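Report on the structure given below.
The values are calculated or read from the model by the stated rules, or taken from the named source; none is laboratory data. As the structure is a prediction and not an experimental result, all values here were calculated from the model. Positions of Cβ are backbone-derived with ideal geometry, glycine not excepted, and every protein chain shown enters the neighbour counts. Quick note on the areas: whole protein, heavy atoms, side chains included, nothing else; ligands and nucleic acids left out. Shrake-Rupley method; radii C 1.70, N 1.55, O 1.52, S 1.80 Å.
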Amino acid sequence: MKENEDAHGQELFNYYINNEGAEIIERDDGFIAASTNVSAYFAPYNQWPVHQQEAMKLAHGRVLDIGAGAGRHSLYLQNQGLEVTAVDNSPKAVELCRLRGVNDARLLPITKISRHIEPFDTIIMMGNNFGLFANPQRAKRLLRRFHNLTFDGGTIIAETNDPYQTERPDHLEYHEFNRQRGRMPGQLRLRVRYRKFKTPWMDYLMVSKDEMKEIVADTGWHIDHFIDSESPIYIVVLEKDSE
């Protein structure tokens, strides 16, 4: 990621240094939303939503934190005595993770995670980071790859958002827009803007539980259970199939 594309990382870093920051989420149908709750990326465990607290109890062994952002999940698990590797495609986010005390933070996008990296017991994708799979085809491909990157008994803990739990016309219209062009209704095309920085356009995948079951099928993983929240956000816990 080029420096002028690192909008989210720059926002996080500026908030850490100056206690201020907000970003704009721009969707490819013209929808724009402001995100000002930057403090959530730095919140301590006791301020996390209950479903996230419950999910972190399931992490074990060596942990890979994909899309680590400011590193709050990595730092919590590291402080619990687990060995954690935090990865992100944002150079500024990786710099911030290291500054905040993450022992092993690496500049690595999800598509570049391969068997050259050490094997793990747990992979976490928190903060709606199931969306980093981008589309169902890439999700299946990467889940199969992650099967080869995890020990027996491996676990994936991934957070997502059920896109259908909305009555907002602009979101329902976007679902139809996606259907008409052969995409999943919750397959967003968006970019992040902060000050003069803007990310490239990227796909970000949100799925229902039924869609999740279809994606996970035949990948070497199975759904153990879901952890619900008080909102459309939920966590899926995947367990590695036996050889």
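Descriptive notes on the structure:
- Magnitude of the charge dipole for the range 116-243, about its Cα centre and with charges confined to Cβ atoms of Lys, Arg (+1) and Asp, Glu (-1), is about 1080 debye.
- Simple point charges give the picture: +1 on the Cβ of Lys and Arg, -1 on the Cβ of Asp and Glu, and for the chain a dipole about the Cα centre of about 800 debye.
- With an a/c value of 1.5 or above and a/b not larger than b/c for the gyration tensor axes a ≥ b ≥ c computed over the alpha-carbon atoms, the range 36-110 is described as oblate.
- Checking the Cα-Cα distances for 57/198; 112/198; 57/92; 2/213; 57/213; 112/240 against a 31 Å cut-off, the pairs over it are 57/198; 2/213.
- Heavy-atom accessible area ranking, 1.4 Å probe, most first, across 209, 240: 209, 240
- Selection from 58, 223, 171, by position along the positive dipole direction of the chain (Cβ): 171
- With the charge dipole of the range 1-128 set up from +1 on Lys and Arg Cβ and -1 on Asp and Glu Cβ about the Cα centre, the Cα lying farthest toward the positive end among the listed residues 12, 78, 105 is that of 78.
- Tensor-based shape of the range 169-243 (alpha-carbon gyration tensor, a/c under 1.5 rounded, otherwise prolate or oblate): prolate
- Think of the range 1-138 as having a plus end and a minus end, set by charges on the Cβ of Lys, Arg, Asp and Glu; of 137, 40, 120, 120 sits farthest toward the positive end of this dipole.
- Annotation for the range 1-97: chymotrypsin sites (Phe, Trp or Tyr not before Pro) lying in DSSP loop with at most 16 further Cβ atoms inside 10 Å of their Cβ are 31.
- Each Cα pair under 8 Å and six or more residues apart adds its sequence gap; the mean of these over the residue count of the chain is a relative contact order of 23 percent.
- Heavy atoms of residue 106 accessible to a 1.4 Å probe, total area in Å² rounded to 10: 70
- The range 166-229: GluC sites (Glu not before Pro) falling in loop per DSSP and having at most 10 other Cβ within 10 Å: 167
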